[in-house]
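Right, one structure below, let's go through it.
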Amino acid sequence: MQKIIHYWASGVLLLLSVIFSSSASAAPTISYRLSMPEPHTHYFEVEMRLEDFRGKNLDLTMPVWTPGSYLIREFPKNVEAFQAFVGDKPVSTSKLDKNTWRVASGGKDVTVKYKVYAFELTVRTSFLDASHGYLNGTSVFMYPEGHKDLPSTLTVVPFKGWSKVSTGLAPVPGQQFTYRAPNYDVLADSPIEIGNHQVLSFESNGVKHEVAMYGDANYDPSQLTADMKKVTEEAAKVFGELPVNYYLFIVHNLPAGGGGLEHLNSTTLHATRTAYGTRSGYNGFLTLVAHEYFHLWNVKRLRPIALGPFDYNQEVYTNMLWVSEGFTSYYADVIMRRAGFTSEREHLEKIGSSITSVENTPGNKVVSAAESSFNAWIKQYRPDENSYNTHLSYYSKGALLGMLLDMEILKATNGTKSLDDAMKALYDEYYKKKKRGFTDEEFQKGIEKFTGRSLDDFFRRYVFGKETPEYNAFLSTVGINLTDLNLNTNQPLLGAAISTSSGKPLVTIVTRNGSAWKAGLNVNDEIIGMNGYRVTDDINKSVPAYEVGDVLEVVVSRSGQLMILPVTLLKDPTVKYRADLVSSLSEVQRKAYQKWTSPK
């Protein structure tokens with residue numbers, strides 16, 4: 001009897017061991033297959049295999065936005081022909097909400113197939129035509145709800161005749177165009193270029209960098225890679241390390257382009273194909289390179305706590321985009337100066353024009369840098385005719401705040417420390433040591449470690465408030481003096497933007513509290529005449545011929561109704577700043593200036 005019990009117990013233990021070992025070895029797996037058999041129709045085809053997922057149903061989610069571009073873009077609207085199979089047998093599916101599909105898997109392995117329409121060529125979306133394919137993962141790949149942390153493999157099947165795939169994803173050895181992602185966040189954050197593009201390469205800080213160039217353009221490959229190397233090496237000096245073992249630039253050369261989007265170990269840039277042929281155009285491209293590459297640290301690793309891990313289903317809010325984007329814009333200009341691509345005079349002109357632009361924007365008196373950051377989801381990417389009066393970009397305001405904080409640190413340390421040191425310390429503390437983002441308060445405290453005093457007043461007035469800084473008080477640290485060239489002028493200003501692109505003069509912007517605003521001129525008014533004469537051009541061209549206080553009798557057509565609006569011309573209230581180095585720098589100013597602008 002004891003033997004029987006012993007054998008029975010042993011059998012039960014063996015059975016349980018088999019069950020548990022089987023369960024342990026059967027971790028869920030995800031694989032994707034991306035094909036494009038008819039690229040001229042603009043459809044990517046996705047096959048998704050989900051194995052060893054338990055449960056009656058399996059819910060699949062597609063993001064509604066992409067990190068780095070703070071707007072709900074509703075990517076699921078482009079999904080078609082969603083189907084699911086267990087083996088060869090179709091199984092029922094249903095839609096739970098705008099971006100979630102439910103598959104009745106019954107706990108069995110499932111294959112899901114769907115198509116994605118991709119015909120929006122921006123750095124934030126996906127595109128496919130007969131010449132190439134480009135995609136951002138959030139707009140193409142779904143993930144099983146609750147399983148974003150699972151690794152996956154992706155096999156890309158290029159259209160026949162296409163021989164190249166460029167992506168920051170890690171390749172699977174021995175398997176052509178097959179890649180591995182440790183989790184969905186990495187898959188989503190690794191854009192892919194597919195086609196016959198040219199691939200350039202260079203080494204920076206011991207790391208291979210590749211440039212996937214789509215489209216014809218007038219660049220010199222050897223000169224371009226040499227100059228991109230200079231930019232990337234100068235950027236890395238701020239943080240003292242390169243946190244990746246490979247980096248990819250995807251560049252789309254287009255008839256008209258501009259802008260980029262940062263990713264974990266790559267970026268996508270849009271460039272005007274003829275821009276490389278002029279100094280201003282070429283430097284504009286390198287500045288874009290500097291901006292997006294600096295994101296490799298600032299936002300992709302050193303980040304506000306809200307920006308990761310991501311909730312792809314809804315907005316994520318932070319007050320700190322003025323740091324994530326604004327500081328990055330600021331550093332792009334500083335890097336260009338340090339790398340020798342802009343002269344001292346050009347750098348000073350950039351400072352003057354940047355301050356001029358911000359201070360001439362009416363929205364600068366309406367919204368703070370923190371509010372602008374928080375409202376990115378409803379403001380930054382959805383401009384309208386009144387945005388000029390009510391909104392200010394956190395890029396431009398944040399860049400100025402970055403410069404002012406740099407001046408504060410340089411002043412407090414007599415030119416021995418700069419914002420570089422604070423950024424590196426924050427990077428070391430929150431990305432490397434604590435492995436998380438920073439809070440608003442932690443960021444301020446991190447800067448204060450280098451100013452040696454509280455910055456409550458600075459943040460209250462300029463970050464969360466809308467006060468105008470005394471720029472010269474800050475810039476005197478490095479011997480820069482700002483002069484308003486409009487200070488003693490008495491010129492009139494209409495205060496309205498007028499477009500003639502439609503063949504007739506139409507008002508497109510009316511500036512708050514300007515001459516046109518006070519006279520009742522409206523956006524979409526068609527300018528018919530002025531002072532008894534027919535008008536076919538922008539009347540702003542005629543305004544300099546008048547004096548402050550003169551009245552213009554402007555005839556407009558508003559919704560078909562003709563009316564006469566007397567416009568009393570007011571004094572031009574705008575500023576026009578010029579930045580200059582003082583004639584004789586003190587030793588402390590010279591030291592601070594060199595720390596600020598010289599190569600590290």
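All of the numbers you see were taken from the coordinates with simple rules; none came from a lab. Keep in mind that this is a model prediction, so the values were computed, not measured. So basically every Cβ, Gly included, is an ideal-geometry build from the backbone, and we count neighbours across all protein chains shown.
For each of 34, 242, count neighbouring Cβ atoms within 10 Å of the residue's Cβ, then give the residues from fewest to most.
Ascending Cβ contact count within 10 Å gives the list 242, 34.
Of 148/237; 229/591; 300/365; 449/595; 350/397, which pairs sit farther than 22 Å apart, going by alpha carbon to alpha carbon?
148/237; 229/591; 300/365
If we count every other residue with Cβ under 15 angstrom of residue 347's Cβ, Lys/Arg +1 and Asp/Glu -1, where does the sum land? Before the final figure, lay out the partial values.
Details: positive: 279, 337, 338, 345, 350, 578, 595; negative: 234, 333, 344, 346, 349, 406, 580.
With Lys, Arg at +1 and Asp, Glu at -1, the neighbours total 0.
Going by how many other beta carbons lie within 10 Å of each one, how would you line up 387, 396, fewest first? Display every interim value, and only then the final one.
Details: 387 16, 396 22.
Lowest count first: 387, 396.
Counting other C-beta atoms within 10 Å, and keeping those with at most 13, which DSSP coil GluC sites (Glu not before Pro) do you find in the stretch 445-541?
Filter output for the stretch 445-541: 467, 470.
Kindly provide log₁₀ I(q)/I(0) values, in the same order as q = 0.19, 0.22 Å⁻¹, from the Debye equation applied to equal alpha-carbon scatterers of the stretch 221-332.
So the normalised log intensities are -1.04, -1.29.
Quick one: which residues, 5 or more positions from residue 259 or on another chain, have an amide H under 5 Å from its amide H? H modelled 1.01 Å from N in the peptide plane, none for Pro or chain starts.
Those qualifying (amide H under 5 Å, at least 5 residues apart or on another chain) are 270.
Give me the percent of DSSP beta bridges within the stretch 215-355 that run antiparallel, rounded to the nearest 5. Let's see the in-between values first.
Details: 3 of 11 bridges.
Among the beta bridges of the stretch 215-355, antiparallel pairing accounts for roughly 25 percent.
At 222 nm, what value in deg cm²/dmol follows for the chain if DSSP H runs of at least 4 each add -39500 (n - 2.57) and the sum is divided by all its residues, to the nearest 500?
Computed ellipticity for the chain at 222 nm equals -8000 deg cm²/dmol.
For the stretch 421-431, what does the Karplus curve 6.51 cos²θ - 1.76 cosθ + 1.60, with θ = phi - 60°, yield as ³J(HN,Hα) per residue in whole Hz, taken in order and with x for Gly and Pro?
Each residue's phi maps through the Karplus curve to give 5, 5, 5, 5, 5, 5, 4, 5, 6, 9, 7 Hz.
Once the piece of chain linking residue 531 and residue 315 is laid out straight, how much longer is it, given 0.36 nm per residue of separation minus the C-alpha distance between them?
Working: separation 216, 0.36 × 216 = 77.76 nm, distance 5.08 nm.
Length gained between residue 531 and residue 315: 72.7 nm.
Considering every pair of different Cα atoms, what Kirkwood radius, in Å, is found for the chain?
Result for the chain, one decimal place: 27.4 Å.
Let me check I've understood the local charge: for residue 41, count other residues with C-beta under 12 angstrom from its C-beta, Lys and Arg +1, Asp and Glu -1. What total comes out?
It works out to a net charge of -3.
As an exercise, use a Förster radius of 41 Å and the Cβ-Cβ distance of residue 473 and residue 542 to find the FRET efficiency, rounded to the nearest 0.05.
That pair, residue 473 with residue 542, gives E of 0.55.
Using the Karplus curve 6.51 cos²θ - 1.76 cosθ + 1.60 with θ = phi - 60°, work out ³J(HN,Hα) for each residue of the stretch 277-291 in order, rounded to whole Hz, and write x for Gly and Pro.
x, 10, 4, 5, x, 5, 5, x, 5, 5, 5, 5, 4, 4, 4
Principal axes first, then extents: for the Cα atoms of the stretch 287-351, list largest minus smallest coordinate on each axis, whole Å, largest first.
Principal extents (Cα only, largest first): 46, 19, 16 Å.
For the stretch 540-547, just list the computed ³J(HN,Hα) in residue order, Karplus coefficients 6.51, -1.76 and 1.60, θ = phi - 60°, integers in Hz, with x standing in for Gly and Pro.
4, 5, 8, 4, x, 6, 10, 10
On the Cα set of the stretch 25-196, report Rg and Dmax in Å, please.
For the stretch 25-196, the Cα-based Rg and Dmax read 15.3, 44 Å.
Over its Cα atoms, what ratio of radius of gyration to 2.2 N^0.38 Å does the stretch 303-487 give?
1.04
Do any trypsin sites (Lys or Arg not before Pro) in the stretch 48-99 lie in a DSSP loop with no more than 13 other beta carbon atoms within 10 Å, and if so, which?
54, 56, 98
Calculate the tail of P(r) for the stretch 492-571: the fraction of all Cα-Cα distances greater than 14 Å, expressed in %.
Percentage above 14 Å: 56.
Count the net charge of all other residues whose Cβ sits under 11 Å from the Cβ of residue 282, scoring Lys and Arg as +1 and Asp and Glu as -1.
Residues near residue 282 contribute -1 overall.
Percent relative contact order of the stretch 355-399, based on C-alpha pairs within less than 8 angstrom and at least six residues apart?
Relative contact order comes out at 52 percent.
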